[in-house]
């Protein structure tokens, strides 16, 4: 349904000294994947891996440096204002922090009506009906209409955020850490809600998260990002047996109830995105590093049609 | 987080002073004890008495009446020049803060250029190039406050722009105008209000200063600043003239300052 | 039995509002023994952080201890100390590790100075000896090139390094008790597991005693010996971590554990606890969990359950009585 092709996003940093070389931060560094209708595609990685940037490029909140986001074969970054507005009805984004996602000065009703007004949908009465239906869908009722965000709990806010995203009946929703700020019990409520809504409205989700437990539970397919690149991608069961050394380390660092698991603790930290190592970006931390990893960039290997990995170990 | 919306004492004092002065201005529109410009040569520099509560000036004009009429000028100049400053400040600050990039650079360099001159000097320059009078005083004082407003509005815009609800609205297809007026503006009203209130007192002080120098409001329009100047030669013989005029200006400035501080305190408490 | 380092008894902490006083922590009792790591778990608004602030004597202005006692090393009664006495305890005898390492560090001082601050204030050692001791400790918490890092500023370090600095700051005074409030929550998983390893090493080598606040059962399992489950300011269950994870007794603990998503639960809806933690002003008599409980009975609405010992666990719930050995359900 949506195809991301060779996406790059560079930010240029101002020079520190007049004659110094201009540095650039490579936030997204050649990302390609396809989203299929009705699936939940997970994008995981540590901070600075470029997962959120990728999400914001897809909804065109920011423009890519190069590469394409194709919707039904058309490049969304080349859309004119009118086409973009139509596109915006089909794709929505839900952010992490339910406290920052709602305008504190507006009532729930205003917040839910806003998208309908922007897109001039229905008259006042039709809008009201749609708003109330949507509230019911996310497990709230009419009594919330006149409330302000500060009167709601974190879970209720996130429900309102989801209602506001779905009221335009989009086909595709980017969920950027949408449940990370919530308590476990509320998080479970919201995850169940998202699943139910997905069924009802036949939604496609791009689920961006750093919480591997949630991603492994919630997603159909997963792509693992490291320093702006997808290092491994496959169905969720493919990734139960991860192949890339980074994915292995990442998944084994999930703290579990078993204390004496022989986890591979990665040494060091993620290098800065303004100084990505040459060759394989992971070679500075990889336990299986070889000489060629330091110079040669590994290519993408298809282990199966679904499961791809970018590592010299599989040459 | 658990503070009740309790207003501070300074806020109340400020509000009371400003309300009283405003009331005085309203009354003066319909009634003053004497005609402010009527000279009574037989009662020059009369001491405050029941007849003339604040006494009379060197031409035998009733000081209370002139004070009351002068408050009209003070409020007129205060409100108009704050509006002028706010209007241009908002335009520049909003563009700079919302769009960022080279537009921000351009706007801010312009503001820097304005700030390079001390405000009051800028006002004096503008007035000497054009001519003294209420209209030009307003414009000059308005220009003087543009940089402050522009900077406050710019930074509030940049801060609010970061919030996810602005991003989310954008992702829903909202245009810039919608985002500025529906999302950003309602959330930055209070810092603007504080800045406007504080700027009001600054403007009144500046107007008094300009008029004292003879550059501001011209006769026959009454002005507190000019009254102060007129009172100066009689500081020994008729001290009440100076004291009353000075007190009035001080009260007005103090009132607005307390009010502004009070609003700010409240807003700090809320966040 | 050995004397506990920290002994909290019947602690009540109340907030004062214009319309009255509300109990945010309600008869909380627990102990921390030497070289023991005790976890505190619960949703936000259950009083985890408030408990730690009460022990540190850093309660917000409108909160106060209204009942109970906090005994530290058996003699000092922490409830009645003056601010002056507090200052000699904080950092020295009890120290704290905060969630967000960036805000816990002062951006204008080199990190080495910040670590050694406690020593400079409280001991009469020479500057040189202090610096050596600091660098020694920085190496122990896994900071490479400690000599060079000593002079660097917080913004020059990565998140994981900053948290190591914060941990070093907490350790330098060789405190009897460390309180860590969500110390790994702000970190990436791979860094989190490094820090968890560090905590485990510190427990083994430095014999630290800790109160470890977290919402993540995985992290708790890795570092804690015992866990306290707080709900709406009350201790609803406590016991060894492995027992709690494998056989939780209280319906709230059960709910918390069962609602954690993981790959084994793929495809099925998650277990949820309906509703939310009751706000401070809406708490009533009876069991605090009554509104959300799936196993509630009539008695729960009005009568507050007593604490029941079952094997090594203690649970505050009407489903259990003292005679029971094997948990039902």
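Residues considered: A:247, A:235. Of these, the only one that is within 12 Å of chain C (Cβ to nearest Cβ), surrounded by 19 or more Cβ atoms within 10 Å (Cβ to Cβ) and either modelled with pLDDT of 85 or more or under 17 Å from the mean Cα position of the chain (by Cα) (or both) is A:247.
Looking at the range C:27-121, the strands (runs of 3 or more DSSP E) lying wholly inside it that each contain 2 or more residues that are within 14 Å of chain A (Cβ to nearest Cβ) and more than 30 Å from residue C:148 (Cβ to Cβ) sit at C:37-41.
Looking at C:191, C:178, just one residue is closer than 18 Å to residue A:256 by Cβ and either crowded, with 18+ Cβ neighbours inside 10 Å or more than 10 Å from chain A (Cβ to nearest Cβ) (or both), and that residue is C:191.
Does the range C:153-164 hold any residues that are in a helix (DSSP H, G or I) and either within 14 Å of another protein chain (Cβ to nearest Cβ) or surrounded by fewer than 20 Cβ atoms within 10 Å (Cβ to Cβ) (or both), and which are they? Matches in the range C:153-164: C:155, C:156, C:159, C:160, C:161, C:162, C:163, C:164. Taken as a whole, the condition of being under 30 Å from residue B:206 (Cβ atoms) and surrounded by fewer than 23 Cβ atoms within 10 Å (Cβ to Cβ) does not apply to residue B:145. Can you pull out the residues in the range C:204-217 that are within 12 Å of chain A (Cβ to nearest Cβ) and either over 27 Å from residue A:270 (Cβ atoms) or crowded, with 21+ Cβ neighbours inside 10 Å (or both)? Scanning the range C:204-217 gives C:214, C:217. Among the residues of this structure, residue B:131 counts as one that is outside any helix (DSSP H, G or I), surrounded by fewer than 18 Cβ atoms within 10 Å (Cβ to Cβ) and without any contact (Cβ under 8 Å) to a residue 12 or more places away in the chain. Restricting the range C:286-306 to residues that are more than 14 Å from chain A (Cβ to nearest Cβ) and under 30 Å from residue A:214 (Cα atoms) leaves a set whose member that is surrounded by the most Cβ atoms within 10 Å (Cβ to Cβ) is C:288.
All of (1) without any contact (Cβ under 8 Å) to a residue 60 or more places away in the chain; (2) assigned to a loop (DSSP other than H, G, I, E, B); (3) touching a strand residue (DSSP E or B) at 6+ places or on another chain (Cβ under 7 Å) hold for residue C:10 with one exception: (2).
Contact map, the range A:191-204: first residue within 8 Å of chain C (Cβ to nearest Cβ), second residue crowded, with 17+ Cβ neighbours inside 10 Å and in a helix (DSSP H, G or I), Cβ cut-off under 8 Å, separation 6 or more or different chains; pairs are A:191/A:214; A:191/A:217; A:191/A:218; A:195/A:218. When every residue of the range C:270-277 is checked against the conditions, at least one turns out to be within 30 Å of residue A:238 (Cβ to Cβ) and surrounded by fewer than 19 Cβ atoms within 10 Å (Cβ to Cβ). The number of residues in the range A:73-90 being touching a helix residue (DSSP H, G or I) at 6+ places or on another chain (Cβ under 7 Å) and either away from every other protein chain (no Cβ under 11 Å) or not in a helix (DSSP H, G or I) (or both) comes to 2. The single condition among (1) on the phi < 0 side of the Ramachandran plot; (2) within 14 Å of chain A (Cβ to nearest Cβ); (3) not in a helix (DSSP H, G or I) that residue B:169 does not satisfy is (3). In this structure, is residue C:283 surrounded by fewer than 19 Cβ atoms within 10 Å (Cβ to Cβ) and within 11 Å of chain A (Cβ to nearest Cβ)? Judged against the criteria, residue C:283 is not a match.
Only residues that are in contact (Cβ under 8 Å) with a residue 24 or more places away in the chain, closer than 12 Å to residue C:313 by Cα and either within 7 Å of another protein chain (Cβ to nearest Cβ) or surrounded by fewer than 21 Cβ atoms within 10 Å (Cβ to Cβ) (or both) were counted in the range C:233-269, giving 4. Selection within the range C:127-152: residues that are more than 28 Å from the chain's Cα centre (by Cα), part of a loop (DSSP other than H, G, I, E, B) and at negative phi. The member of this set that is surrounded by the most Cβ atoms within 10 Å (Cβ to Cβ) is C:150. So in the range A:165-182, with the set limited to residues that are farther than 14 Å from residue A:96 by Cβ and not in a strand (DSSP E or B), which one is nearest to the other protein chains (Cβ to nearest Cβ)? Looking at residues that are farther than 14 Å from residue A:96 by Cβ and not in a strand (DSSP E or B), I get A:168.
The values are calculated or read from the model by the stated rules, or taken from the named source; none is laboratory data. Just so we're clear, the structure is a prediction, and the values are computed from it rather than from any experiment. Methodologically, a virtual Cβ is constructed for each residue, glycine included, from the backbone with ideal geometry; neighbour enumeration extends over all protein chains shown.
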